[in-house]
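Let me begin by presenting the structure, written as structure tokens, before commenting on it.
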Amino acid sequence: MIITKMALPRRTFLRGLGTTLSLPLLDAMFPAMSSLAASPASQVRRIGYVYIPMGMNAARWTPRGEGRITELSPSLAPLAPHLDHVTVLTNTELKRAYGPGNHATGNAAFLSTALAKKTEGSDYELATTCDQIAAQIIGKETAIPSLELGTDLIAQVGNCDNGLACAYMNSLSWSSPTTPLPTDADPRMLFERLFGDGASPEQRRAELRKSGSMLDAVAVEMTTLQRRLGASDRTKVSQYLDSVREVERRIQKAEQKGIEELPDVTRPLTAPASWEDHVKLMFDLQVLAMQADITRVITFQMSREVSTRTYPQIGVPEAHHPTSHHGGDAEKLEKLAKINAYHVSLFAYYLEKLKATPDGDGSLLDHSVIMLGSGLGNPDVHDHLNLPIVVAGGAGRLKGGRHIKYEQPTALGNVHLTMLNLVGVDLDKFGDSDGVVPELLQPASL
């Protein structure tokens, strides 16, 4: 640790064997003489994307009112506690997603707005995605420029959808037109990536076996730091460390469960047996990563296209993909709506965690802009029109409590461009955009 005069450096770490623990924003990180100035935390912006596959049941997803709304639709009802931080957009389109494999092209176009080159080989080609454009700018200020996460261990090679390479189906993020970024679905590996310090995984695990927690490795520095902090900062650090320890405990519990049971080859050995628990754990790790300012750019493929995951816990024992091909059948449509609402409820869990995490003069939710959405609209016909899109957060100027319904199909690229501008990535155009979405924004003076 380095403490100079009255201030603690913003990039302060606690270090132990194989462990580097970043700290959340603290009052001690700003000199007393600047107390009247706006907190730098209020100027830190984060951007995120959460992908849900296979579109939605539009009748149950779309809010009835337009403009300022006071209630949400049945599928979006779990977001009601966060309505003031949520805007629903109806009739956005991915014009370049139509191709021979509409699941793969929808996934690929979601953050690129580009048409995937048809190939089953490694000569795939798309475009740099909006999250990676953000990472090039705001990611330069953090230890990890961006995180690309999921819940499935999936391959990048081979044919996954009507002659299209698996990379299009399995990667949301592309750092260049020819470089898809694979998703990380293993909570333990992600935890070590966030808090490791260059030691080998074997060394870190050996230390964990001895100490029981990576926090024990930084105990001495932690105690020294706490003595130097004011009461408010001590509380913030204690709450942050409690969150780290709880996430670590859940990972260790999942690992122990994996030893006791036969492994499931379709998921990481360190993931919880329950998919819902896995999703929530990945969301909790995202919150920790943002709270410690390890990264400001995150994509999360909650589930992948053509998923055959079942949801008996919500009354849908049938696989998701066949259910999405509803053919207008009322029972299948209702089950699709249940899946939509379930996925939205997990997103609401994420927003609640962000809202409950202090950050400067507000919360992480206040200082973030996050999209929930899919690259398909009506999954029964594989179209890319009227996409299910929700934008949440604050990011300084983001409006909430609104339903923006376009009369004519409007490029999803316009939403991406607006979100990029909100976090300080000043572009005139992204992909197929033809403007921004002014309805998303508060007046600049507010």
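The values are calculated or read from the model by the stated rules, or taken from the named source; none is laboratory data. Nothing here was measured: the structure is a model prediction, and the numbers come from that model. Methodologically, a virtual Cβ is constructed for each residue, glycine included, from the backbone with ideal geometry; neighbour enumeration extends over all protein chains shown.
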(message) I'm trying to understand the selection: among the residues of segment 299-312, which are of a type in the set (S, T, N, Q) and either touching a residue at least 40 places away in the same chain (Cβ under 8 Å) or in contact with a Cys (Cβ under 6 Å, 6 or more places away or on another chain) (or both)?
(response) THR299, GLN301, SER303, SER307
(message) Can you list the strands (runs of 3 or more DSSP E) lying wholly within segment 88-199 that have 2 or more residues being under 25 Å from GLY424 (Cα atoms) and of a type in the set (A, V, I, L, M, F, W, C)?
(response) 147-150
(request) Of the numbered conditions (1) surrounded by 15 or more Cβ atoms within 10 Å (Cβ to Cβ); (2) at pLDDT below 70; (3) more than 25 Å from the chain's Cα centre (by Cα), ASP197 fails exactly one; give the number of that condition. (result) (3)
(request) Show the residue pairs that are 6+ apart or on different chains and have beta-carbon atoms under 6 Å apart, the first residue being within segment 258-284 and farther than 20 Å from THR310 by Cα, the second being of a type outside the set (Phe, Trp, Tyr) and modelled with pLDDT under 95. (result) GLY258/LEU269; THR270/ASP186; THR270/PRO187; THR270/ARG188; THR270/ALA254; THR270/GLU255; ASP284/VAL247
(message) Under 8 Å between Cβ atoms, which residue pairs at least 6 apart in sequence (or on different chains) link something in segment 236-252 that is over 17 Å from ALA271 (Cβ atoms) with a partner that is β-branched (Val, Ile, Thr)?
(response) SER243/VAL287
(request) Please work out if GLY315 is surrounded by fewer than 20 Cβ atoms within 10 Å (Cβ to Cβ) and in contact (Cβ under 8 Å) with a residue 40 or more places away in the chain. (result) no
(request) Quick one: HIS384 ticks every box in (1) in contact with a Phe, Trp or Tyr (Cβ under 9 Å, 6 or more places away or on another chain); (2) within 29 Å of PRO312 (Cβ to Cβ) except a single one, so which number is it? (result) (2)
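Among THR151, THR178, which is the only one that is among the hydroxyl-bearing types (Ser, Thr, Tyr), modelled with pLDDT of 90 or more and surrounded by fewer than 23 Cβ atoms within 10 Å (Cβ to Cβ)?
THR178
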(request) Mind listing whichever residues of segment 63-89 are buried (at least 20 other Cβ atoms within 10 Å of the Cβ) and either touching a Pro at 6+ places or on another chain (Cβ under 6 Å) or closer than 23 Å to VAL381 by Cα (or both)? (result) LEU72, SER73, SER75, LEU76, VAL88, LEU89
(message) For the condition surrounded by fewer than 21 Cβ atoms within 10 Å (Cβ to Cβ), in a loop (DSSP other than H, G, I, E, B) and of a type in the set (A, V, I, L, M, F, W, C), what is the one hit in LEU427, LEU376?
(response) LEU427
(message) Of all residues being of a type in the set (S, T, N, Q) and modelled with pLDDT of 95 or more in segment 24-62, which is surrounded by the most Cβ atoms within 10 Å (Cβ to Cβ)? Just the residue, please.
(response) ASN57
